[in-house]
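Written below as structure tokens is the structure these notes are about.
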Amino acid sequence: MAALALGLSVLEAAVPSPLPGVKPGLANIVTLIVLARYGWRTAAWVSLLRVVAGSLLFGNFLAPGFFLSLSGALCSLLILALGQCLPTRWFGAVTHSILAAFAHIAGQLLIVYLWLIPHAGIAYLFPIFAMAALLFGTVNGLIAAHFLTEPKTKLVPAS
């Protein structure tokens with residue numbers, strides 16, 4: 001599953017972004033599916049392996065981009081751990097995806113403010129990133145929810 005998430009990250013990197021730093025987060029679909037099927041611990045491994053392997057693949061290991069990605073992933077995982085405690089009747093893959101997207105953006109902006117650009121003007125970027133998080137979090141959550149409602153046999157190719 002980590003390889004699938006990494007493949008989606010590579011695909012995402014090949015698509016031009018309308019705004020720097022705004023990406024759809026397609027690999028998070030895999031994380032949401034793993035979270036629902038195998039639990040938080042496995043989802044954390046998939047997410048962190050994707051971040052580390054992706055940074056090695058793209059050549060930015062231990063560069064600022066790596067730490068931005070790592071901080072976003074860690075904040076998302078923290079929120080997903082808390083989100084699993086919410087009642088499943090009202091909170092599912094879409095809600096988890098939106099919460100994780102907002103946590104990801106918050107974690108990244110926090111690192112940008114604390115390390116790269118310590119200026120209050122960073123706060124002006126939050127509404128733009130929040131709209132992207134809401135949009136992409138909803139879309140990714142809907143895609144994950146669709147795959148979670150499909151029978152397992154359709155998700156795994158026959159051998």
Report the residues of segment 62-83 in range of a label on residue 126: point 7 Å along Cα→C-beta, backbone N strictly under 19 Å from it. 71-73, 75-76, 79
Dividing the Cα convex hull volume of segment 7-159 by residue count, how many Å³ per residue is that? 123 Å³
Which value at 222 nm does the chain reach when only helices count, each DSSP H run of 4 or more adding -39,500 (n - 2.57), with the total divided by all residues and rounded to the nearest 500 deg cm²/dmol? -23000 deg cm²/dmol
Selection from 1, 17, 67, by position along the positive dipole direction of the chain (Cβ): 1
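Read-outs throughout are calculated quantities, based only on the coordinates presented, and are distinct from any laboratory measurement. Being a predicted model, the structure only gives us computed values, none of them experimental. All Cβ positions, even for glycine, are placed from backbone atoms using ideal geometry, and neighbour counts span all protein chains on display.
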